[in-house]
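Only the coordinates and a few stated rules stand behind these numbers; no lab work does. Because the structure is a prediction, the values reported are computed rather than measured. With ideal geometry, Cβ positions are generated from the backbone for all residues, glycine too; neighbour counts draw on all protein chains shown.
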Amino acid sequence: MPRGDVNAAAGRPTAFWVGRTLKISLLGLLLLPLLRPDLEQYEGKGMSWRVLVFPLACLVIPLLWRATGSCAPYPYLADNLLVLVPLTDVLWNTLDTYDRVWGWDKVNHLGSSIIFAAVVGLWASRYPLGTVNRFALALGLGMTLQVLWEIAEYTSFAAGWSEAQGWGDTIGDLAFDLIGSLAGAGFALLAARAADESLEAETAVAYAGR
């Protein structure tokens, strides 16, 4: 039996199991810096606040979905993308990629900003806000989240939990964040348009078969 049929028979779409795997992987990876904070790759990386904050990413979309009426369909794509940000951050720190690969921090900023903006844009697509408004909301909130990330990193440094970064590094991070937010907002528009076209096609087929 194909995988899709198995998941359908279980009453859960494939996206549900992908999300469950991502969340379990995140919580599993966070156990390592919690149990072995003395590992060299975790020194000066502020892993203590990551262990406390990152699990909340697993709850944001589910709680927001329930708070807004639990309207179908469930936003699996937004949920899974949001969990992907802390998951990859912990993974790269565990593999010591930030120190071993030049420029990897900027690549990660680009990727996370794309995801943050896309998540906001995908959520906004559930409401009749218009294309321009949804793009602006995704871009604005996406960048706001990245600025908050930089503030969190500075707070971590001020508290002595991580190493300091120069202003040039911060400006570079924000520049990549802006590029990523623009790309993420655009992706959300395209994804929402594709979903609408798919729904219209399904409706037309259903109507023609009546």
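Give me the Kirkwood hydrodynamic radius of the stretch 3-208 in Å, from all C-alpha pairs, to one decimal place?
Details: mean 1/r = 0.0540 Å⁻¹.
Kirkwood radius, the stretch 3-208: 18.5 Å.
Here the label points at VAL51 and PHE157, each 7 Å from Cα along the C-beta direction, are separated by 2.4 nm in the simple model. Applied to the stretch 25-36, the Karplus parametrisation 6.51 cos²θ - 1.76 cosθ + 1.60 on θ = phi - 60° returns per-residue 3J(HN,Hα) values of 5, 4, 5, x, 5, 5, 5, 5, x, 6, 8, 10 Hz, with x for Gly and Pro. With a Förster radius of 30 Å applied to the C-beta separation of ILE171 and THR68, the computed FRET efficiency comes to 0.25.
Fully extending the segment from LEU190 to VAL107, taken as 0.36 nm per residue of separation minus the present Cα-Cα distance, adds 27.6 nm. Taking label positions 7 Å along the Cα-Cβ direction at both ARG20 and THR97, the computed distance is 2.6 nm, reported to one decimal.
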